[in-house]
Amino acid sequence: RAKADGRGTFCFFRDEMAATVEARRILELDLRKALANEEFELFYQPLVNLKSGKITTCEALLRWNHPVRGTVSPVDIIPVAEDMGLIVDLGRWILRRACMECMKWPEGVSVAVNFSPQQFHQRDVLSEIRYALEVSGLPAHRLEIEITESSLLRNTQLTHDILSQLHALGVSISLDDFGTGYSSLSYLHNFPMQKVKIDRSFLEGIDTDRPLTLLRGVARLSADLGMSVVVEGIETNEQLELISTDGTVSEAQGYLFSRPVPAVRMRQLLNASHGRRPEDQLQVVA
Ligand code: C2E
Ligand code: MG
Ligand code: MG
Ligand code: MG
């Protein structure tokens, strides 16, 4: 009886695994075709300067319009693309598309592009970036590269060199999702980076003492080290007020200002906010 149960369980797992492997194989096949079929799209979400109320940067966020599944989240795409080695081609497309789009925006607005660890550590990452700037005509100072802590884990000297060369080129580096990964505060001063994006998990319970103290502490530390500080995931006016009071946070991003929107919509938002009075500019909700 026990044996039969055991075998049943084994068969169940084997079928489950076969189904997972099959699903994954299909996803990979679809992903391979997706670039050629132009099924990828970039959405954009603004970062707003808290003093001026102006949009400083728009972050490019990948969407996959799958013919059957509908919209697929980047969280499901990027890890698979990394495993498949497709991330280099996909990343190249994302970077060039984002740079070209930024050329259509007012001159004061930059574009932020997310780089996965594998993409960041590809051999000719500098030429990739230089080339994207060249073909689009975008000045280097209007490009921000977002990396996460996991990109800083390996090849410390090499990573440092890449960051320094990017900095020399005029491209700015943001440390994304700060506080979620294998965090080390030493990253903040060991690597040349210009921005820290504090993860939205720091907003949990922000209306109570301890979480607010933690967020403000991380913000102050980053600011004291000469980095500009962004808080991600602002959804309410209350959160906005709490992070704004002591002046250490320079920019914020979140649904309160705008959800990620298609490129056409972002162009409209930027043109509209460009002509607006400064005191009205925070309300850019899409
Ligand atoms: P991320 O770079 O930290 O981007 C912010 C994510 O938080 C986005 O999710 C955005 O839609 C979401 N978000 C923004 N404001 C709010 C808010 O107020 N509340 C909540 N709950 N969420 C908010 P999205 O677009 O699903 O992207 C998820 C992650 O996928 C990104 O996190 C980034 O790590 C990755 N990703 C997206 N696009 C790309 C890409 O082009 N290349 C690479 N390598 N990774 C990408
Ligand atoms: Mg990001
Ligand atoms: Mg982020
Ligand atoms: Mg995040």
Residue match in region 71-86 (condition: of a type outside the set (Val, Ile, Thr), open to solvent by less than 20 Å² (accessible area, probe 1.4 Å) and within 21 Å of ARG265 (Cβ to Cβ)): no
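For region 204-220, what are the residues that are aliphatic (A, V, I, L, M) and either within 16 Å of ligand 2 (Cβ to nearest atom) or out of contact with any Ser or Thr (no Cβ under 9 Å at 6 or more places or on another chain) (or both)?
Matches in region 204-220: ILE206, LEU212, LEU214, LEU215, VAL218.
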Region 97-118 residues that are more than 20 Å from VAL80 (Cβ to Cβ), paired with ones that are assigned to a loop (DSSP other than H, G, I, E, B) and open to solvent by less than 70 Å² (accessible area, probe 1.4 Å) (beta carbon under 7 Å, 6 or more apart): CYS99/LEU138; CYS102/LEU138; MET103/GLY137; MET103/LEU138
Strands (runs of 3 or more DSSP E) wholly inside region 42-135 that include at least 1 residues being of a type in the set (Ser, Thr, Tyr) and within 19 Å of ALA272 (Cβ to Cβ): 55-66, 110-114
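Restricting the search to region 178-219, which residues are aliphatic (A, V, I, L, M), open to solvent by less than 70 Å² (accessible area, probe 1.4 Å) and either within 15 Å of ligand 4 (Cβ to nearest atom) or in a helix (DSSP H, G or I) (or both)? Reasoning before the result, please.
Step one: of region 178-219, the residues aliphatic (A, V, I, L, M) are 185, 188, 193, 196, 198, 203, 206, 212, 214-215, 218-219.
Then drop every residue that is not open to solvent by less than 70 Å² (accessible area, probe 1.4 Å), which leaves 188, 193, 196, 198, 203, 206, 212, 215, 218-219.
Matches in region 178-219: LEU188, VAL196, ILE198, LEU203, LEU212, LEU215, VAL218, ALA219.
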Test: residue in region 230-240 that is loosely packed, with under 15 Cβ neighbours inside 10 Å, free of Cβ contacts under 8 Å to residues at least 12 places away in the same chain and away from ligand 4 (no atom under 16 Å from the Cβ): no
Subset tally (residues that are open to solvent by 40 Å² or more (accessible area, probe 1.4 Å), modelled with pLDDT under 95 and aliphatic (A, V, I, L, M)) for region 121-169: 2
Residue count, region 248-264 (criterion: under 16 Å from the mean Cα position of the chain (by Cα) and in a loop (DSSP other than H, G, I, E, B)): 6
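The values are calculated or read from the model by the stated rules, or taken from the named source; none is laboratory data. All values reported here derive from a predicted model rather than from experimental measurement. Every residue, glycine as well, gets a Cβ built from its backbone with ideal geometry; the counts of neighbours run over all protein chains shown. When the accessible area is computed, the model is the full protein with side chains, heavy atoms only, and any ligands, DNA or RNA have been set aside. Shrake-Rupley method; radii C 1.70, N 1.55, O 1.52, S 1.80 Å.
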